[in-house]
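The block underneath contains the structure these notes are about, expressed in structure tokens.
The values are calculated or read from the model by the stated rules, or taken from the named source; none is laboratory data. It should be emphasised that the depicted structure is a prediction, and the values quoted were computed from it without experimental measurement. Because the Cβ atoms are built from the backbone with ideal geometry, glycine has one as well, and the counts that use them run over all protein chains shown. Surface areas here come from the heavy atoms of the whole protein model, side chains and all, with no ligands, DNA or RNA. Shrake-Rupley method; radii C 1.70, N 1.55, O 1.52, S 1.80 Å.
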Amino acid sequence: MDLLLNQLDLHPLRAELYNELHSRPFQVLPCPAQVTHIAVLTTPEQRSAQFRHWQDLHIMLGEAAPPEDVSCYEATFGSLRIRREMHMEFASYTFINLAAGDETPFTETGITPLPEGWLEQLTGTVIAAFHLEVRPATDGTEGDLGYVRKHFEGMRLVGSSPQEGAARVWGTFRLHSDGFGRFMVMNHHMSDSQLGRLTQRLMEIETYRLMSLLALPVAREITPSLN
């Protein structure tokens, strides 16, 4: 088969295109866990400052700083997992508190274990910032709703049952009193790998939903002229 392929005209980017899917690998996420995702618009001038700030986090945690910037970086320090992804127009940061317990949801979050004062020095313009609470389900879908409703400040909930009810996802698509959005994943029988893929998709959907709406004010402004 290798000899057959060698006789064909292979695109020079073929291997790179295959590898692109794995450039930002899915995470493996235990249950329970607390996740915070932040996406910031960034300029080319801000990128070097952001990377130095990222290096500072490692030093504050007593760890060796990464020597060079990469498109996707992930590390785990005790009960804190950190992840940084560089995109064309923004950078995203994911913080996972792996020591989540039975405390009230959203009283502690993925950013709770961060060193004091570090997050406040992050450069760039925040476009997305939300918490995900991953919890084991015990009482079925109706029990989920009764439990979840108490932790979204009375806002109207939107729910989904991915993978035929293997988990139940709840959110409001609104900002809460702490300035963050919120999602809760009630895990019925998803594996850690499945939970990792689910939460990553939620983070990407919410981030790109907000990114796509950045053009809405411009569209509203020029619509009368276009009409």
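DSSP beta bridges in region 115-194, what fraction antiparallel, as a percent rounded to 5? Numbers along the way, then the final one.
Numbers: 8 of 15 bridges.
For region 115-194, the DSSP antiparallel bridge percentage is about 55.
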field: Accessible surface ranking that places the most exposed of GLU74, GLU45 first, with a 1.4 angstrom probe
entry: GLU45, GLU74
field: From phi via Karplus (6.51, -1.76, 1.60), per-residue ³J(HN,Hα) for region 213-227 in Hz, x at Gly/Pro
entry: 7, 4, 7, 4, x, 5, 4, 5, 5, 8, 4, x, 5, 5, 4
- request: Taking the Cα centre of the chain as origin, sum charge times position over the Cβ atoms of Lys and Arg (+1) and Asp and Glu (-1), and report the length of that vector in debye to the nearest 20.
  value: 540 debye
- request: Name the residues whose placed amide hydrogens come within less than 5 Å of the amide hydrogen of CYS72, ignoring near sequence neighbours (fewer than 5 apart) on the same chain.
  value: MET86
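Rolling a 1.4 angstrom probe over the protein heavy atoms, how many square angstrom per residue are accessible across region 71-227?
On the way: 8170 Å² over 157 residues.
Result: 52 Å² of accessible area for each residue.
Using only Cα atoms, what Kirkwood radius does region 127-227 have, in angstroms? Provide the component values of the computation, followed by the final result.
Details: mean 1/r = 0.0663 Å⁻¹.
The Cα-based Kirkwood calculation yields 15.1 Å.
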- prompt: Which of LEU98, LEU213, LEU13 moves most in a GNM of the chain, Cα contacts under 10 Å?
  reply: LEU13
- prompt: Using modelled amide H (1.01 Å from N, peptide plane; none on Pro or chain starts), what sits under 5 Å from the amide H of PHE173, excluding residues fewer than 5 places away?
  reply: ARG182
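Longest exposed-loop-site-free stretch of the chain, with trypsin sites (Lys or Arg not before Pro), DSSP loop and at most 15 other Cβ within 10 Å? Each step should come with its number before you reach the end.
Values: sites that count: ARG156, ARG174.
Longest run free of exposed loop sites: 1-155.
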task: Kindly sort SER48, SER92 by accessible area of their heavy atoms, largest first, with the probe set to 1.4 Å.
output: SER48, SER92
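What are the semi-axes of the equivalent ellipsoid of region 1-125, taken as the square roots of 5 times the eigenvalues of the Cα gyration tensor, listed largest first and rounded to whole Å?
Values: eigenvalues 227, 79, 34 Å².
Sorted largest first and rounded, they come to 34, 20, 13 Å.
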- prompt: Could you give the radius of gyration (one decimal) and Dmax (whole number) of the Cα atoms in the chain, in Å?
  reply: 20.1, 64
- line: Taking the chain and counting helices only, DSSP H stretches of n ≥ 4 at -39,500 (n - 2.57) each over all residues, the nearest-500 ellipticity at 222 nm comes to -9500 deg cm²/dmol
